[in-house]
Amino acid sequence: MVLIRLLPRRTALLLLLTMIAALAAPAQPESSSSNCVRITLLQVNDVYQFMPVDRGTQGGLARVSTLRKQIIKDSPNTLFLFSGDTISPSVESIKLKGQQMIDAWNNIGLDYATLGNHEFDFGPDELLKRMKESKFQWLAANVTDGKGNSFGGMPPFVIREVDGIKVGIFGILLPETMTTSKPGPDVKILGACETAKRIVPQMRAAGAQVVVALTHLSMREDKQLAHCVPEIDIIIGGHEHTLLQSLAGRTPIFKMTADARQLGRFDLTVDRATGKLQSVDWVVIPVNDKVAEDPQFAAVTEKYKDLLATYNEMVGRTRVPLDARSEANRTGETNAGDFVADSLRQATGADVALINGGTIRADTIYEPGPLSKHDVLAILPFGTEIVKIELTGASLRRALEHGVGQSGPGAEPGRFPQVSGLRFSFETSSPAGSRVKKITIGGLPLDDRKTYTLATNVYLVGGGDGYEMFKGARRLTKQGESQVDSEILRKAIASVPEGINPQVDGRIEWIGRPAEENQKECSIATAGGK
């Protein structure tokens, strides 16, 4: 009888603050014996840059490489997995289109990766180039090309024999990639459950004794996947940028935070005679400046050092912590979201401004001090044109309803609106479509029949992130006169020599917002495994 415990989020976060790199040692299980085999899975997800983040204190693939090598010495039966999103967005990918990330993964010995939605940001042809450059295997069983074949020739799954145990791995990409990125008209993304229901029996028939789903889905979709295909033994996921763990039926689900701030280690104990999974023991290993960088990775750093140096130019300063975290900008008002939206509205002279929180990408808090060109581009790396359009108050109301339509505890929708020139409140306990309770512009209630001008990005004007109400709106910005969002932000920062001082002013109110969600501690007792 084995107890598999999933720590509550708060406990896991406290654990993160106290663990050091020495925790690369096994969590609990003994090494492989005559009766059992220990198979170790390592996980990172949503890694957009190979250099350390948070002013060098967190992340960095050179540090991940060090940890991987330490773990392999202790547990030779180790597979290194990546749960998607690396080609884009980042400052370096503006020029290199993700080539630098493939070089980095090749250097540190990645085994398998699933596609993330941002793999398609530069279109399918560019992704195919990156896939050909990869020394590791990409997996996404639900992604097909125009002829109905697997995109890029990816196998539907792989079976890797590890110390006599056959481990099956398949990948799944979230279907909403069709509207949140640029897969093009020929690429099709099938449903996660329907694909897994077809693939997993094939894997078992081919001899897979342990089935691993390597996914880039929301936690809600991961749970649905586990319930509709309970034969999956473990789900290694990504997409949220938040440390998450859950249990759906008997299937554990794990996600790390973005940019390799943590390395997930999962020790699977498998009965050698029956091939049945006995237990899953896990630990979250901090990747920080206490971990030495692998000297082998210096070749990657050297290759791109000149490009990286070009982004060091100082643009201005911030006098207050600037909150550019992904989770914060996808769930509520932030001072970074306010400042960006204010800058766009002022640059265009629009009545109001609205951008999707998912366009703010730096995923860090900038402490008071200098802001560089790299910082600006990290906040807004897509280089999206900003335009002024004309729309009715009713359309603006629908846009706000859409923006908060997926909001709720544990959700981090990229569509969440960051705004300027207006104030609104919403309540997630109300049904989607009737969540927005109050909207004012210039202190006056929104008039559904009145026409307003709106500053936003061309991605949303084209219906991106589901903002269909913007399509067809009258465009007031003349062709060739639009500005890029990052350049507007750069100018706004530079225009305040003493340093910017943005403050959250209550323009977005989440009525009844719960305190930080604490996932319940879950346990599952298994006798003999699945």
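A short reminder: the numbers here are calculations on the coordinates, not readings from a lab. No experiment lies behind these values; they were computed from the predicted model shown. As a convention, Cβ positions derive from the backbone with ideal geometry for all residues, glycine included, and neighbour counts pool all protein chains shown.
About its Cα centre, segment 349-434 has a charge dipole of approximately 160 debye under the convention of +1 per Lys or Arg Cβ and -1 per Asp or Glu Cβ, with nothing else charged. Listed by Cβ neighbour count within 10 Å, with the fewest neighbours leading, E119, E481, E231 appear as E481, E231, E119.
Applying the Kirkwood pairwise sum to the alpha-carbon positions of segment 240-317 produces a hydrodynamic radius of 16.7 angstrom. Computed from point charges on the beta carbon alone (+1 for Lys and Arg, -1 for Asp and Glu), the dipole magnitude for segment 44-303 about its Cα centre is near 360 Debye. W105: net charge of surrounding residues, Cβ under 13 Å, Lys/Arg +1, Asp/Glu -1, itself excluded? So the surrounding residues net to -2. Summing charges over neighbours of D125, with a neighbour being any other residue whose Cβ is under 13 Å away from its Cβ, gives 0 when K and R count +1 and D and E count -1. Full extension of the chain between L444 and A473 gives 8.1 nm of extra length, using 0.36 nm per residue less the Cα-Cα distance. Taking the three principal axes of the alpha carbon atoms in segment 95-138, the coordinate ranges are 26, 21, 15 Å, sorted in descending order. Treating each Cα of segment 311-510 as one equal point scatterer and applying the Debye formula with no solvent, the log10 of I(q)/I(0) at q = 0.17, 0.19 Å⁻¹ comes out as -1.12, -1.38. Counting only DSSP H runs of at least 4 residues, each contributing -39500 (n - 2.57), and dividing by the residue count of the chain, the helix-based mean residue ellipticity at 222 nm comes to -7500 deg cm²/dmol. Across segment 44-303, the convex hull enclosing all Cα atoms gives 118 Å³ per residue. Each Lys and Arg contributes +1 and each Asp and Glu -1, all at the Cβ; summed about the Cα centre of the chain, the dipole is approximately 660 debye. Say R0 is 35 Å: what FRET efficiency, to the nearest 0.05, do A299 and K147 get from their beta-carbon distance? That pair, A299 with K147, gives E of 0.35. Taking a ≥ b ≥ c as the square roots of the eigenvalues of the Cα gyration tensor, segment 422-479 is classed as oblate, since a/c reaches at least 1.5 and a/b does not exceed b/c.
Between the C-alpha center of segment 241-284 and that of segment 327-357 there is a gap of 37 Å. Neighbours of L476, meaning other residues whose beta-carbon lies under 9 angstrom from its beta-carbon, give a summed charge of +3 when Lys and Arg score +1 and Asp and Glu score -1. Between the listed residues F339, N329, I355, the Cα displaced farthest toward the positive end of the dipole of segment 319-398, a dipole computed from Cβ unit charges relative to the Cα centre, is found at I355. The alpha-carbon positions of the chain define a convex hull whose volume is 145 Å³ per residue.
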